[in-house]
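Asker: Here's a structure for you.
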Amino acid sequence: MFGSRLLTIAFVVSILGGGCAAAQPSRFTTELDTTGGIGPGDPVVHAGSDIGRVTAVAPLAGGDSEIGFEVDPSHAGEIRQDTIMVLSASGAAPSLEAFTPEASSPAAPSGFPLDGASNQTELQLFIAARGPGSYGQMLADLMKPLNSPAAPPSPAEVQMQSLLMQLSQRTMAAAAASSPATYAQLDSMRHDAQGVIRQLRRNGKNAEADRLQQQVDATLSGVGTPPNTLTVPRTRPPGP
């Protein structure tokens with residue numbers, strides 16, 4: 001009987017030990033083209049709550065960085081395969097915020113590489129790259145009320161959207177030609193897009209990278225080089 005009790009205790013201990021081993025944090029990676037000073041120990045956030053922490057930052061080609069982080073076992077299911085990790089610098093310390101566009105996306109297994117955005121513009125670029133829609137339409141959608149009904153566009157609406165896109169290109173080109181500040185904003189947008197495209201290609205998402213490149217080219221095609229606003233005064237050559 002004493003031997004059977006020992007076996008029972010050993011069995012219970014083995015179950016408890018197995019449970020402890022299973023309750024390890026889930027570990028993921030993401031990429032950022034600007035780290036904002038984030039480093040090991042900084043929080044990982046979802047829906048306003050801390051769910052994990054950054055564990056490592058390592059350099060990648062092109063000036064990008066790979067960010068390793070872990071998520072507490074009780075929150076592991078909140079990280080989905082389409083989750084985008086967004087750098088936030090609004091608090092006392094930088095953090096990574098988990099944004100999931102589609103709640104029905106499958107849960108991400110430990111080790112899954114996730115898209116990473118260094119700012120809100122890059123977040124929208126990732127969403128635009130996944131399609132459907134276009135980058136220009138994405139910008140228009142941001143101006144719509146949140147409660148506007150979703151309906152497929154009519155042929156007239158499609159034609160109007162095409163016309164608005166052409167007008168938007170001309171407007172941006174004219175604004176950039178007359179305002180260095182506007183050009184700087186558009187150039188920053190182009191820089192963000194290239195960072196997202198670089199990340200997509202590095203992770204083998206070439207179809208998404210191509211889609212975003214085409215959308216950005218179509219939207220910003222009318223914007224050329226920045227204006228030269230510096231006026232150099234003429235100097236009279238020294239005379240006798």
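Asker: Taking the beta-carbon count within 10 Å as an exposure proxy, list 88, 105 from fewest neighbours to most.
Answerer: Working: 88 18, 105 13.
Ordered by Cβ neighbours within 10 Å, fewest first: 105, 88.
Asker: By DSSP, what percent of the beta bridges with both residues in segment 25-118 are antiparallel, rounded to the nearest 5? Don't jump to the answer; show the numbers that get you there.
Answerer: Numbers: 24 of 31 bridges.
Once the DSSP bridges in segment 25-118 are tallied, antiparallel ones form about 75 percent.
No lab work stands behind these numbers, since they all come straight from the coordinates. Remember, it's a predicted structure, so these values are computed and weren't measured experimentally. Cβ sites come from the backbone with ideal geometry, for glycine too, and all protein chains shown count toward neighbours.
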